[in-house]
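First up is the structure itself, then whatever we jot down about it.
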Amino acid sequence: MQNIEKTIQSILKKFEVKDDYEKRKIVFWYDKDKTVDTEEELEEIRIALAENEKHIKLHILNNNFFETKKLLEHDDKGSNYLIYSPQAERENQSNWLLDIQLYSSRFENSKISDIKSEIGIEGYDLDKFLEQYVKFFAKNKRVSDIKKLYNPDWKEDKFVLGLLAVLTKSPTIDQREIVRNLLIISLDEKDNTIWSDIERFGLVEGFQTMVSRHFGYSSEHPTLKKLYLSFIITHIDRNTKVALKTYKQYVNRQSNECEIFIRGWLDHSKDSKQFDDHCRQLLLESGKKLETSLTSMLNKHDVEDYIDAESLYVFDQNIIRNIATKITEESDDFEKYLEWIDKRKTKHWYQEYENIYCAIENAVYLHKISKDIEYKGINEQSLNELFKGYTNCYYLLDYYYRKFYYHYDRDSEKEILKKDIKEKVENLYKKMVDTLHTRWDELITSELENTWNIELIDNQNRFYKNYVNNIIRRNDRDKVAVIISDALRYENAVELKDVLNKNTKGTIELKAMAGSLPSYTKLGMAALLPHKILEYKNNRISVDGISSEGTENRGTVLLSGHPDSSAFKLRDLIDLKKDIARDAIRGKRVIYIYHNTIDDTGDKKSSEYKVFDAVESAIYEIDKMVRKLATSLNVTNIIVTSDHGFIYNREHLESIDKLETKDFDKSKMLESNKRFILSEQDISIKNTHKFSMDSIVNSDKNIYVYVPWGDLRFKSQGGGVNFAHGGASLQEIVLPVLVYKHIKSDSILDKKGIEHGKVEITVLDSHKKITSNSFKIRILQTAKVTDKREPLRCKIALWGSDGKIVSDERMVIADSTSDEPEERIQEVVLTIGSNIKNGIYNLKAIYEDTSIINMEIFEIPVEVDILITDDF
């Protein structure tokens, strides 16, 4: 015995206190582990007990049950006894001393007693269980971990869960968390360290019993891979109308619990990646058999039959292929396709396929608006009407085309789309833009002879007077910053407006003005400066005699408009520290900021194919600059505009899209590019508009501007050809004027009666009882999304009073712009586990954005009153 003195003291403690019914103390010690090694140690214990003031006697129990019973109940009824047995205790049926033991005490000096003492286990009901798993308790860390979880009410089945929770590092004995933490490691038992521990400690049967009871999983030869597959197949069976045929064997009995489990894993911020990896591994190891088989099944069903399933990415791929096929086959049920995409936005694999979903969504929108335009026709009767028609509607052709390619280019799995979807988008865009150009060219020909001027449309030439002057004349304190983004066309500014509305408190108005001809940087930049006269001389444009090329010269020109003016390049100003930037603009009332991301990318042959990426970057950079001006530099008036727009086609242009220039006298040609020619020659060229330069700038010569019809290009050497500007198309000359007024606090928006912040949601029919494990709730978005009223993303679930979720969680995106309340209602189905107790719970909606301080949107008490909790 390692420490006999400690053992003697522990024995004596057992005799210190008598229960009320006890006149003497009898203590039984079954030393099955043979902790008393020698007769000498036993004699030492005997002497110590006899010398104690309680005069305790030691009696050896070694198959002498009758003798012992006679001693304690007949021969000596008054002495205190320690009954020591070197053997294990007998079963109750064969234990002659059981009646005496029931009113006696027990002393233990074994590993089991140490374990019980450390954990705090009273009684002897779990002794055999602890003996069975004694290897588990060999490490102090595992003992301390189980102690944190232990509850005195535990029976053997709960204790097994406790052991599994410790091995899987689960903070509670939640079966879902235990299984998830196990499967996360690996689906292959040989590579799963936790599974190795489960086998080592003899817990395999306990684990299989747990998953059978809780999830309804059973298999003749169970494996972790089959268990994982069973969750996936059960989800598919539950959420689709697809007949699973050979996979029916994997459908678990407890589908409610399986649904909650899989949704909890799919939505887990940290662990969802492992779910995805396992999914890919599972499909790969099956030799694509599962994927091919399931795809074959899905192809026999309408998309609506499986629109809610999300356990495998196969569903998303099939939905995308389905929409792409229908578009290429000229099916025009566009609202249905958009509804499918909207539903997938709340599903697990959407993020993986977001770019390809966005590409196909913009393809649908492009087809939809094209169909509308074809049906209505382009019937505007004047340049003024068609100019406004472009700002109201037709710009969307360019917007959807750009957004399609932006997302299409960014997706590595674009082969999911039918190969001809890109060709379909390209051809449709060209067809519709050609129709728009044709009408625009007809109106130019009928309305304009030699002078470039669109009646009753603000002209770029008057920008400074119409916008900048109006602001600085209001009072002597107002500042105005003008961000001029080279080649930012109107549809780009529409998106920028949405971004600014989301990221700032300011009010924004988007207007349009007609650009100058030719629509190129040299003239556009000059026209935006304060001036009396613009003059073209020696291939340069001067403003009131000062060169307009370069930021420094433009800064000098600005001083003629207001003495407190300055010019910067956006890249120089945006990265300055706040104090340095404030010093740079201190005392300035007019600040021009020049930005060149789009034109710089598009004008180079090597990078013109990235021009749509450049637009996204430009929007991000301008948004960042506006927010810095408004919040850090105290500039409340900001205008964003452009020198010119651009045309762009992704596909290679054919020779028919290019005009010959052989009729031009090269000696009289002053400047030229793909979209314009400046010449002193006065000739008529087929498919070309001609304007006198005198209507635009002063010159000492008679100069003419030649621009091709539509989106034709002049044949020329070098440079890119797909990105171009300089001509008179709507995409090149409809220029945005985005006027931003910063508002420092929400109270000002309130005073102006402008609704702001996120839209709100509420639950309809919220007083109903929940009477089944799956229940439907209806969510109403109380107001439509507007410029200042943002969409809302949240998760909805049922919560218990202990602060734990008792159902699965569902994502809700409230982003409707409809005026009709009926069109702003969504239905959400929640599932609660089969072991839920009836009572009062809370239906909660919580913002998805964890940075929001008050994350809870609503909390509604509901009554759960389920008569039979099962999976019928």
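Other residues whose C-beta falls under 15 angstrom from the C-beta of ARG589 contribute a net charge of +4, scoring Lys and Arg +1 and Asp and Glu -1. Close amide H pairs (under 5 Å, H built 1.01 Å from N) link LEU670 with LEU678, SER679, GLU680, residues at least 5 positions away or on another chain.
Using the Cβ of VAL425 as centre and a radius below 13 Å, the other residues enclosed give a net charge of +4, where K and R count +1 and D and E count -1.
Based on the convex hull around the alpha carbon atoms, region 51-154 presents an average projected area of 8.6 nm².
Within region 628-648, list the residues whose amide N lies under 17 Å from a label point set 7 Å along Cα→Cβ of ASP409. Answer for region 628-648: 646-648. Going by accessible surface with a 1.4 Å probe and the largest first, HIS367, HIS301 read HIS301, HIS367.
Under a model in which nothing but the beta-carbon of Lys, Arg (+1) and Asp, Glu (-1) is charged, region 360-498 shows a dipole of about 440 debye around its Cα centre. On the beta carbon distance between GLU5 and GLU199, with R0 = 45 Å, the FRET formula returns roughly 0.65. With q set to 0.10, 0.21 Å⁻¹, the log10 of I(q)/I(0) for region 340-468, from the Debye formula over equal scatterers at the Cα positions, is -0.46, -1.16.
Please state the shape class of region 215-316: rounded when a/c is under 1.5, otherwise prolate if a/b exceeds b/c and oblate if not, all from the C-alpha gyration tensor. Rounded, because the longest to shortest axis ratio a/c is under 1.5. Treating only the Cβ atoms of Lys and Arg (+1) and Asp and Glu (-1) as charged, compute the dipole magnitude of the chain about its Cα centre; round to the nearest 20 debye. With only Lys, Arg, Asp and Glu charged at Cβ, the dipole is about 1840 debye. Scanning the chain for GluC sites (Glu not before Pro) lying in DSSP loops with no more than 11 further Cβ atoms inside 10 Å, the longest uninterrupted stretch between such sites is 661-872. The figure for SER144 is an accessible area of roughly 40 square angstrom, using a 1.4 Å probe on the protein chains alone. Annotation: per residue accessible area for region 261-403 equals 41 Å², rounded to a whole number [probe 1.4 Å, protein chains only]. Normalised Debye scattering of the chain at q = 0.05, 0.07, 0.09, 0.10 Å⁻¹ gives log10 I(q)/I(0) of -0.48, -0.75, -1.01, -1.14, counting only Cα atoms as equal scatterers and leaving out solvent. Extension gain, ASP19 to GLU156: 0.36 nm times the residue separation minus the Cα-Cα distance gives 46.4 nm. Helical runs assigned H by DSSP (4 residues or longer) give the chain a calculated mean residue ellipticity at 222 nm of -12000 deg cm²/dmol, each run adding -39500 (n - 2.57) before division by the residue total.
Charge dipole (Cα centre; +1 on Lys/Arg Cβ, -1 on Asp/Glu Cβ; no other charges) of region 757-808 amounts to roughly 100 debye.
With both residues required to sit in the chain, DSSP beta bridges show an antiparallel share near 65%. Count Lys and Arg as plus one, Asp and Glu as minus one, and take only other residues whose Cβ is under 12 Å from that of ILE703; the net charge is then -2. Quick one: grab the alpha carbon gyration tensor of region 506-564, order the square roots of its eigenvalues as a ≥ b ≥ c, and give me rounded if a/c is under 1.5, else prolate or oblate depending on whether a/b is larger than b/c. It is oblate, given that a/c is not under 1.5 and a/b is not larger than b/c. Which of GLY545, LEU633, LEU670 sits closest to the plus end of the dipole of region 544-692, meaning its Cα is farthest towards the positive end, when Lys and Arg get +1 and Asp and Glu get -1 on the C-beta? In region 544-692, that residue is LEU633.
Dividing the mean sequence gap of close Cα pairs (under 8 Å, 6+ apart) by how many residues the chain holds gives a relative contact order of 9 percent. Heavy-atom accessible area with a 1.4 Å probe sorts HIS268, HIS437, HIS221, largest first, into HIS221, HIS268, HIS437. Here the calculated FRET efficiency for ASP498 and LYS128, from their Cβ-Cβ distance with R0 = 51 Å, stands at 0.15, rounded to the nearest 0.05. Between 0 and 90 degrees, the angle of helix 39-51 with respect to the longest Cα principal axis of the chain falls at about 80 degrees.
The heavy atoms of ASP302 offer some 100 square angstrom of accessible surface to a 1.4 angstrom probe. Are any of the pairs LYS610/LYS744; LYS537/LYS658; LYS505/LYS578; LYS537/LYS588; LYS273/LYS326 more than 26 Å apart by Cα-Cα distance, and if so, which? LYS610/LYS744; LYS537/LYS658; LYS537/LYS588; LYS273/LYS326, as the Cα separations exceed 26 Å there. Taking +1 at the Cβ of each Lys and Arg and -1 at the Cβ of each Asp and Glu, which of SER565, LEU517, HIS644 sits farthest along the dipole of the chain towards its positive end, judged by Cα position relative to the Cα centre? The residue sitting farthest along the positive end of the dipole is SER565. Going by the alpha-carbon gyration tensor, a ≥ b ≥ c the square roots of its eigenvalues, is region 311-352 rounded (a/c under 1.5) or, if a/c is not under 1.5, prolate (a/b greater than b/c) versus oblate? Taking the square roots of the gyration eigenvalues as a ≥ b ≥ c, region 311-352 is oblate. Computed extension length for SER801-LYS776: 6.9 nm, one decimal, from 0.36 nm per residue of separation with the Cα-Cα distance subtracted. Of all accessible surface on the chain at a 1.4 Å probe, what whole percent is carbon and sulfur? Carbon with sulfur: 46 percent of the solvent-accessible area.
Extending 7 Å from Cα along the Cβ direction at LYS288 and again at ASN453 yields two label points whose distance is 6.6 nm.
Annotation: for a label point projected 7 angstrom from Cα along Cα→Cβ of LYS248, residues of region 279-296 with backbone N closer than 17 Å are 294. Taking label points 7 Å from Cα along the Cα-to-Cβ direction, GLU822 and LYS148 give a separation of 5.6 nm. Full extension of the chain segment joining ASN140 with SER684 gains 186.2 nm, where the gain is 0.36 nm per residue of separation less the Cα-Cα distance.
Ordering THR246, LEU417, LEU187 by Cα displacement along the dipole of the chain toward the positive end leaves LEU417 in first place; charges were set at the Cβ atoms of Lys, Arg (+1) and Asp, Glu (-1).
The values are calculated or read from the model by the stated rules, or taken from the named source; none is laboratory data. On a predicted model such as this, the values are computed, not experimentally measured, just so you know. Glycine gets a Cβ as well: all are built from the backbone with ideal geometry, and neighbour counts include every protein chain shown. Remember, those area values only see protein heavy atoms, side chains included, never the ligands or the DNA or RNA. Shrake-Rupley method; radii C 1.70, N 1.55, O 1.52, S 1.80 Å.
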